[in-house]
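Trainee: There's a structure below that I have some questions on.
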Amino acid sequence: MLQNKNKKYIATYTLGCKVNQYDTEAVVEQFKAEGYEEVAFDEVADVYLVNTCTVTHLSDRKCRQMLRKTKKLNPDSVLVAMGCYAQAAGEKIKEDVSEVDIIVGTNKRSEILKLVEEYHNNQETYNYVSNIMDVEEFEELQISNMGEHTRVYLKIQEGCNNYCTYCIIPYVRGKIRSRKLENVVQEAQRLVEAGFKEIILTGIHVLAYGKDLGNVTLLDAIKKVHDIEGVERIRLSSIEPVAITDEFLEAISQLPKLCHHFHLSLQSGSETVLKRMNRKYTAQEYKESVQRLRGVWHDVAITTDIIVGFPGETDEEFKETVDFVKEIGFAQVHLFPYSKREGTAAARMKNQIDSPIKDERMKVLKQVTLKSQDAFLDEHIGKEVEVLFEKAEEGMAQGYTSNYMKVEVDTELHLENTVGKVYIETREHEVLKGKLL
């Protein structure tokens, strides 16, 4: 791309979760409002923003690699390191990665534009990371375009108070902070007016929404967004199985816009491993939550995350997880080998599992989870489903069902951002193929 010398450009690279992607987009919005144009990350820009992740040691390494090579694209640019790894290792970045000009953690993201302008005046690397545990209020950020122009993430919550023994996130994201309900509703309305039909409520610990506010809950947020005219679907990001109480289920069963897809965080199917992880539920309670959901929606998709090779995980405990996955029948499972995070309780535990053992267990569990996923998809062959189409290419349209199955149809129609019924005829790997009705 040939740059216009009279314009200013920003490029971003985001590692990690959807919350990070939301935060990146919100910062870009601020720069665009001041006349910046966003360009691809491999193009010449005036400002480069790398939003970092620290969920695993591999994430840390990738962050450092990206930061070191980014400024080669334009040595005269301003390079900003933001996010979780920046929060955890701000001083280390300042000392070891000389290419970085501004370091911002998981707070003061709304001030990055101002910090960039200040940098032009002093030209000194500065670490703006502060103690995240001192932050008490949700930092208001807004986006206008994050998704495929059909579904969009809406961040309603920040931080986590759970302190699972393996997880560094509470230490780099801080205590739970909830967005004011009126601000949630206002952004949802604005996103609908921008053309989005599906809103995904997201955060670091979404289930904790409202606990710090004292007068609202996640259910209140769901209902308020549900009432907005123009919203056709509401989806939730990851929640814990303890959320699925009889009262919660009774309430959400009356909300037709809520998607039949629940990402219930599991991490292990072994009761003893769950206890060592400091998870707040048992495998039996998890199973009961799934049974409740399936008692309401026959097509509900249950997806989850599992950590393989947690410290002390025996062959028997691993087998318990394998058997549990087979019994539940997940629609999809994200597998992660345990990664030691300094500062967490699990990092100090004895009997750390060797990498070859973790690798072998990952292979075994991956085969089990793929069979489970295929079985879930195959159940929908020969049935009608409703699809929100997200994109169309020549002779083909693709979208997702309420229970998050990817569906393709052959058609010359321009179906982007429309809902249509499809008769499922076959499956090709992870995609269901059908004909438009």
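Trainee: Would you mind putting 186-196, 211-221 in packing order, based on average other-beta-carbon counts within 10 Å, highest first?
Mentor: 186-196, 211-221
Trainee: Then there's this: Excluding residue 329 itself, calculate the net charge of residues whose Cβ lies under 14 Å from the Cβ of residue 329, where each Lys or Arg counts +1 and each Asp or Glu counts -1.
Mentor: Around residue 329, the charge tally is -2.
Trainee: Label region 1-88 by shape, choosing from rounded, prolate and oblate, from the square roots a ≥ b ≥ c of the eigenvalues of the Cα gyration tensor; if a/c is under 1.5 it is rounded, and otherwise prolate applies when a/b is larger than b/c, oblate when it is not.
Mentor: Oblate shape, in that a/c is at least 1.5 and b/c is the bigger or equal ratio.
Trainee: Shape of the chain from its Cα gyration tensor (a ≥ b ≥ c, root eigenvalues): rounded if a/c is under 1.5, otherwise prolate when a/b > b/c, or oblate?
Mentor: Taking the square roots of the gyration eigenvalues as a ≥ b ≥ c, the chain is oblate.
Trainee: Using Cα pairs under 8 angstrom and six or more residues apart, how large is the relative contact order of the chain, in percent?
Mentor: Once normalised by length, the contact order is 10 percent.
Trainee: May I ask for the net charge around residue 201, where only other residues with Cβ less than 9 Å from the Cβ of residue 201 are counted and Lys, Arg are +1 while Asp, Glu are -1?
Mentor: Spelling it out: positives minus negatives among the neighbours equals +2.
Trainee: Let me ask something else about it. Net charge near residue 56, counting Lys/Arg +1 and Asp/Glu -1 over other residues with Cβ under 10 Å of its Cβ?
Mentor: +3
Trainee: Roughly speaking, what is the centre-to-centre gap between region 331-403 and region 168-242 when only Cα atoms are used, to the nearest Å?
Mentor: Each part reduced to its Cα centre gives a spacing of 24 Å.
Trainee: If R0 is 51 Å, what FRET efficiency do you get for residue 292 and residue 412 from their C-beta distance, rounded to 0.05?
Mentor: It comes to 0.75.
Trainee: Kindly rank 73-84, 426-437 from highest to lowest mean number of other beta carbons found within 10 Å of each residue.
Mentor: Top to bottom by mean Cβ count within 10 Å: 73-84, 426-437.
Trainee: Dipole magnitude of region 312-397 about its Cα centre, charges +1 at Lys/Arg Cβ and -1 at Asp/Glu Cβ only, in debye to the nearest 20?
Mentor: 540
Trainee: Next question. With no other cysteine's Cβ closer than 4.7 Å, which Cys residues of the chain count as lacking a disulfide-compatible partner?
Mentor: Result for the chain is 17, 53, 63, 84, 160, 259, no neighbouring Cys Cβ within the cutoff.
Trainee: Dipole of the chain (Lys/Arg Cβ +1, Asp/Glu Cβ -1, origin at the Cα centre): which of 351, 31, 105 lies farthest to the positive side?
Mentor: Sorting the options by dipole projection puts first 351.
Trainee: Let me ask something else. Could you order the peptides 224-235, 320-331, 355-366 from most to least packed, using the average number of other C-beta atoms within 10 Å per residue?
Mentor: Descending packing order for the listed peptides: 320-331, 224-235, 355-366.
Trainee: If you don't mind, there's one more thing I want to ask. Looking at 329, 195, 284, which one has the Cα that reaches farthest to the positive end of the dipole of the chain (charges on Cβ: Lys, Arg +1; Asp, Glu -1)?
Mentor: Going by the charge dipole, the pick is 284.
Trainee: Moving on. Could you derive backbone 3J(HN,Hα) for region 33-39 from the dihedral phi with the Karplus parameters 6.51, -1.76 and 1.60 (θ = phi - 60°), listing whole Hz in sequence and x where the residue is Gly or Pro?
Mentor: 5, 9, x, 6, 10, 7, 10
Trainee: Could you give the dipole magnitude of the chain about its Cα centre, charging the beta-carbon of Lys and Arg +1 and that of Asp and Glu -1, in debye to the nearest 20?
Mentor: 880
Trainee: Antiparallel versus total DSSP beta bridges in region 151-378: what percent is that, nearest 5?
Mentor: Within region 151-378, antiparallel bridges account for around 10 percent of the total.
Trainee: While we're looking at this one, here's another question. Find the relative contact order for region 62-209 and round it to a whole percent, using C-alpha pairs within less than 8 Å whose residues are 6+ positions apart.
Mentor: The value is 21 percent.
Every number here is computed from the coordinates shown, using simple stated rules; none is lab data. Bear in mind that the values here come from a model prediction, so they are computed numbers and not experimental data. Note that each Cβ is placed from the backbone with ideal geometry, even for glycine, and that neighbours are counted across all protein chains shown.
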